[in-house]
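This report refers to the structure that appears directly beneath it.
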């Protein structure tokens, strides 16, 4: 900032910086939330199921056994379906473990160092208060 800037422009710059910081904090919060981690794992499982479905309905019908005899699509897909079931099962259990690990780690951190936890909470509250718009201030007429 320079001496030539108008106070109104300085306020606008500060407000813009606050909006940018708020957007960054919101993005980090959304990215690191346990619900988001679970949603990502569920989406990975759905993607895996979609590719399995495509394999079953697409190329599965044209498979043949080792002796050249065609195998029905259902029989050819049995291994693929059980593989997909394992993938979905591991993805959901992994998501649940991740969500549980995050909260357990936070609890351990708070119990291990309560003073640090209080300081972090205070700092986070201070940051949030700084990001919130200030109340409208009434001022007298400006000389001008």
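The values are calculated or read from the model by the stated rules, or taken from the named source; none is laboratory data. Predicted model, so just to flag it, every value in this text is computed and none were measured. Neighbour counts run over all protein chains shown; Cβ positions are idealised from the backbone, glycine included.
Could you identify the single residue in 84, 61 that is surrounded by 11 or more Cβ atoms within 10 Å (Cβ to Cβ), in contact with a strand residue (DSSP E or B) (Cβ under 9 Å, 6 or more places away or on another chain) and at pLDDT below 70?
Exactly one residue qualifies, and that residue is 61.
Does residue 14 satisfy being in a helix (DSSP H, G or I) and either exposed (fewer than 13 other Cβ atoms within 10 Å of the Cβ) or at pLDDT 80 or above (or both)? Yes, satisfied.
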